[in-house]
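For reference, the structure discussed in these notes is given below.
The values are calculated or read from the model by the stated rules, or taken from the named source; none is laboratory data. As the structure is a computational prediction, the values presented were derived from the model and not from experiment. Cβ atoms come from the backbone with ideal geometry, glycine included; neighbour counts cover every protein chain shown.
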Amino acid sequence: MKVISTESSQVLAARVAGSLGVPLVEVKYSRFPDGEHYLKAGALDDDMLIIGSVPDNDAFVQLLLLIDACDTSRIRLVIPYMAYARQDKRFNPGEPVSARAVSRALGAGVSEVFTVNIHEPAVLGSFGVPVQNLSLAPDIGAYISGKGLDNPLILAPDEGAACFAEGVAAAGGFDCDHLEKTRLSGESVRMAPKRLDAASRTVVIVDDIISTGGTIATASQMLYDQGATEVYTACVHGVFTGGAYARLIAAGIREISSSDTLERGCSRYTAAERIAAAVTR
Ligand code: R5P
């Protein structure tokens, strides 16, 4: 087996290759004068493991080209972060189910797919090949345990992330709950833990994705209003679009951490070991 990656997943791919003890294929990436992507891979193998997050449209095209370049019957594709996953249904007439469109395109030409905390597991069937969705919840739980926080309360920002938060909390034996929104008036909404009290507690808000940071920033402000002592946040996929990191700091978040599914300065835990274990199982 050899490992190969898109430009945006080089560090994670090197970690996976290192963990597996297999070679990492060098790839030259460039563009044609009109902006089209071009790539040329080094010596390939009959058994290829491609690692490519899709943070944007360029990465998506690079991944399609890489799949084509591998040109062998055993191509396993790891998509650590997949953009478009949140448009997982047709919310309004005339819209695409973008998650399905992207999954279909990436599933064509590979024999197996691995995702990491995909936003909506229901889309996995659209790849058209066997898929395993790996979870970093235990790794985030272990990271939080290592910080030595005082009896932290793990909170999901909504019910949709409650199961993920439970997985994080279970790893450290922490209390867990999710935030519930109550509409107070036309303009104002209150977010508070459904069962537990945040007063005098250290809170860690955990989510699969932080994009604009709006969800976590609002939750943090409300938790401080309810007497929380300190608020931290930890996510799998740190998209951090449009000043999100600064927004979170301004909302009083003590520490922001994410995984290396998207390589960021605040990547504190890696998906590499889970990926390596899954592909050797
Ligand atoms: C949505 O359901 C996701 O789990 C995240 O909560 C959401 O994508 C976060 O977005 P933002 O950071 O833009 O508030």
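Tabulated results
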item: Some residue of segment 57-67 being at pLDDT 95 or above and over 27 Å from N117 (Cβ atoms); result: no
item: Subset tally (residues that are near the ligand (Cβ under 6 Å from one of its atoms) and either in contact (Cβ under 8 Å) with a residue 40 or more places away in the chain or not assigned by TED's automatic domain parsing to the domain that holds D177 (or both)) for segment 198-215; result: 5
item: Residue pairs meeting the criteria (Cβ under 7 Å; at least 6 apart or on separate chains; first farther than 17 Å from R15 by Cβ, in segment 75-86; second at pLDDT below 95); result: I75/G109; A85/H119; A85/E120; A85/V123; R86/H119
item: Flag if R74 is out of contact with any Pro (no Cβ under 9 Å at 6 or more places or on another chain) and surrounded by 12 or more Cβ atoms within 10 Å (Cβ to Cβ); result: yes
item: Pairs where the first residue, in segment 31-58, is part of a loop (DSSP other than H, G, I, E, B) and the second is among the aromatic types (F, W, Y), C-beta under 9 Å, 6+ apart; result: F32/Y38; G52/F60; S53/Y81; P55/Y81
item: Of residues in segment 255-268 being touching a residue at least 12 places away in the same chain (Cβ under 8 Å) and either hydrophobic (A, V, I, L, M, F, W, C) or surrounded by fewer than 16 Cβ atoms within 10 Å (Cβ to Cβ) (or both), the one nearest to L196 (Cα to Cα); result: I256
item: Which numbered condition D260 fails, given (1) under 30 Å from M1 (Cα atoms); (2) over 18 Å from the mean Cα position of the chain (by Cα); result: (2)
item: Candidates R195, R190, filtered to the one that is away from the ligand (no atom under 16 Å from the Cβ) and in a loop (DSSP other than H, G, I, E, B); result: R195
item: Yes/no for G227 being in a loop (DSSP other than H, G, I, E, B), surrounded by fewer than 22 Cβ atoms within 10 Å (Cβ to Cβ) and either among the aliphatic types (A, V, I, L, M) or within 18 Å of the chain's Cα centre (by Cα) (or both); result: no
